[in-house]
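Read through the structure below, which is laid out as C-alpha cells, and then see the notes.
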Amino acid sequence: MASIFDWSNSQASNASVGSINWAEGMAPSAVNDSARYTMADVAMWRDLLGGAKISSGTNTIALTSGLSLSAYAQGMMFAFEAGGANTGAATLNVDSIGAKDIKKYHDVALASGDLEAAGIYLVAYEATADNFQLLSAVSNAPMISGADSITIGSGTEVDTKIVFDGNAQDFYIGLDDSEDDLVIGLGSAVGTTPAISIDENQVTTFGKAAVGATQTASITGSTVLDFQTYQNFVLTATGNVTLANPSTEAVGQSGTIVFIQDGTGSRTLGLGTDYETVGGSGLTISTAANAKDIIPYFVIAANQIALGAPSLGFS
C-alpha cells in the first residue's frame, strides 16, 4: 500500500499515488475519497512522529507503523513508546522489514536502561550505516537538576567520568565507584593512572610528586613574602634583609625558605613580629659567601608563622 513516504517532492509526480488521485480532470465523485485518503496518510504520519505507536520487545524491538511499509529509506523517522526497558544493545524492526541496530551518539550501541518502559523515543534511519540513530536523549543520560548543578550517574555502581580529549593526551575527572574515590587522572579509564584521589573520608592521595610553587629572587632590605602565590622561596641576599610581616599566609600552610648569601656574604636576616622562632631567640644563619641555609616554616595561625631551626651551610 502506498503511503506518505511514496509522495514526491516534485509536484508533477503526485497526480496519482496509491489510492489518492488528484489528476487533472478527475471526476467530482473522486474528490471525496482522495481527500479522505490524504487525510488518513497524514494522520498515520502524525502518529508515527507523535509517539502514538507502542513497540513490543525489549532488546529486539518490533513496531507496526500502520503504513504497511516495505523498505526503509534514508531519513525515515519513527517515534514510539517503548513497550519495555532494554537491558543492552537493541534493534528495531518496523513492519517486519528487518531488524536494524539502534545507535546513540551516531555510532554507539545502547546500554542497559537507555530505553525505559513507557518512554517515548525518536529514531531516524541512516542508510549508509544501515541502522536507526536515536535522536532523543537516552533515559539514563546525565540529568541537569536545577540551573546551578549537574547530577552525573544513575545511582548504580558504575564509574562515571568527564573525559577531556586532548590532541596528544587525554585527562579525566571521574568517580571510581568500586573504591568510592573521586579521581583526576591521565587517559580516559578511571583508576588506571590517577594523579589525585580523594576517598570517602576526604583523604587525598597524590599519584606522583606534588610540586609547590617556588619563588626564586634576589632580595635586600624589607621584603614581604607572598604566601598566597608561593609555597617555597629561594632567596639570594644582596644586602641585609628583613622579612616584614606578610598578610597572605594561610593557616596550615607549610614550606621551605632557602636563604642564600651572595658572593660577598655576611648578609643578615631580620624578622618581623609575625615570624616566631624556637625560644624567641631569632635565627642563626651562615655568613660565608654563597652559603645556603634551609629554613622550614609552618603557619600556626593568622600572624603566627613558626620557623624551624635552619639547616646551615649547604654548598
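The values are calculated or read from the model by the stated rules, or taken from the named source; none is laboratory data. Computed from a predicted structure; not experimentally measured. Virtual Cβ from ideal backbone geometry, glycine too; neighbours counted across all protein chains shown.
Okay, here's what the table says:
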| item | result |
| --- | --- |
| Any hit, the range 70-93, residues being more than 42 Å from the chain's Cα centre (by Cα), surrounded by fewer than 16 Cβ atoms within 10 Å (Cβ to Cβ) and not in a helix (DSSP H, G or I) | yes |
| Residues of the range 17-63 satisfying the condition of being surrounded by fewer than 16 Cβ atoms within 10 Å (Cβ to Cβ) and among the polar types (S, T, N, Q) | 19, 21, 29, 32, 56, 60 |
| Some residue of the range 254-277 being over 45 Å from the mean Cα position of the chain (by Cα) and at positive phi | yes |
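Table: residues versus (1) within 16 Å of the chain's Cα centre (by Cα); (2) outside any loop (DSSP other than H, G, I, E, B).
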residue: 113; (1), (2): no, no
residue: 139; (1), (2): no, no
residue: 148; (1), (2): yes, no
residue: 157; (1), (2): no, no
residue: 162; (1), (2): yes, yes
residue: 168; (1), (2): no, no
residue: 184; (1), (2): yes, yes
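Residue-wise test of (1) surrounded by 14 or more Cβ atoms within 10 Å (Cβ to Cβ); (2) more than 30 Å from residue 182 (Cβ to Cβ); (3) of a type outside the set (A, V, I, L, M, F, W, C); (4) at pLDDT below 95.
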{"site": "210", "(1), (2), (3), (4)": "no, no, no, yes"}
{"site": "229", "(1), (2), (3), (4)": "no, no, yes, no"}
{"site": "232", "(1), (2), (3), (4)": "yes, no, yes, no"}
{"site": "255", "(1), (2), (3), (4)": "yes, no, yes, no"}
{"site": "267", "(1), (2), (3), (4)": "yes, yes, yes, no"}
{"site": "288", "(1), (2), (3), (4)": "no, yes, no, no"}
{"site": "292", "(1), (2), (3), (4)": "yes, yes, yes, no"}
{"site": "304", "(1), (2), (3), (4)": "yes, yes, yes, no"}
